[in-house]
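*Asks:* This structure is in structure tokens; I'll ask about it shortly.
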Amino acid sequence: MPFNTRTLIKEYKKSLRELNHLKQKYNSKKGRTEKEDVDLQLIDSMISDMQFAIQWLQTGRNPDMRRGVDKTGVYLTDPRVLDSLRVDRPDHAEKELSREEQELIEDALCTLTVREKDVFMLINSTFAD
């Protein structure tokens, strides 16, 4: 059976329903033991993880992103960002950036992970030499 996202989402939702059903059974039980309380906490954690995974699969984005913008989306919002970042100028002359260009670059860089920033800075310094 070939793997596809719709099948995976369907299976995750089925598992989520089963986890919710199991949680209801634990919650309706009177006089739970300490082990059952630990099991309930584990089930809650599994439900949370499952909801996170389903949301990520459905949207194609990390649900925990602070800014709510995909990394590539920042470049699409304002094409001047890419123009500001161009390093393929033949003379490699340093250009004085305007305050607006600096803000555009800062906005673009703040959406990158530490590793992506390192790669960008490495590439940028390579072309600057």
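Here, each number is a calculation from the coordinates, and none is a lab measurement. These numbers were taken from a predicted model, which means no experiment stands behind them. So basically every Cβ, Gly included, is an ideal-geometry build from the backbone, and we count neighbours across all protein chains shown.
*Asks:* Can you give the FRET efficiency to the nearest 0.05 for Q51 and E103, using r as the Cβ-Cβ distance and R₀ = 25 Å?
*Replies:* 0.10
*Asks:* Residue by residue through segment 39-46, what is 3J(HN,Hα) from phi via Karplus (6.51 cos²θ - 1.76 cosθ + 1.60, θ = phi - 60°)? Round to whole Hz and write x for glycine and proline.
*Replies:* 4, 5, 5, 5, 5, 4, 5, 5
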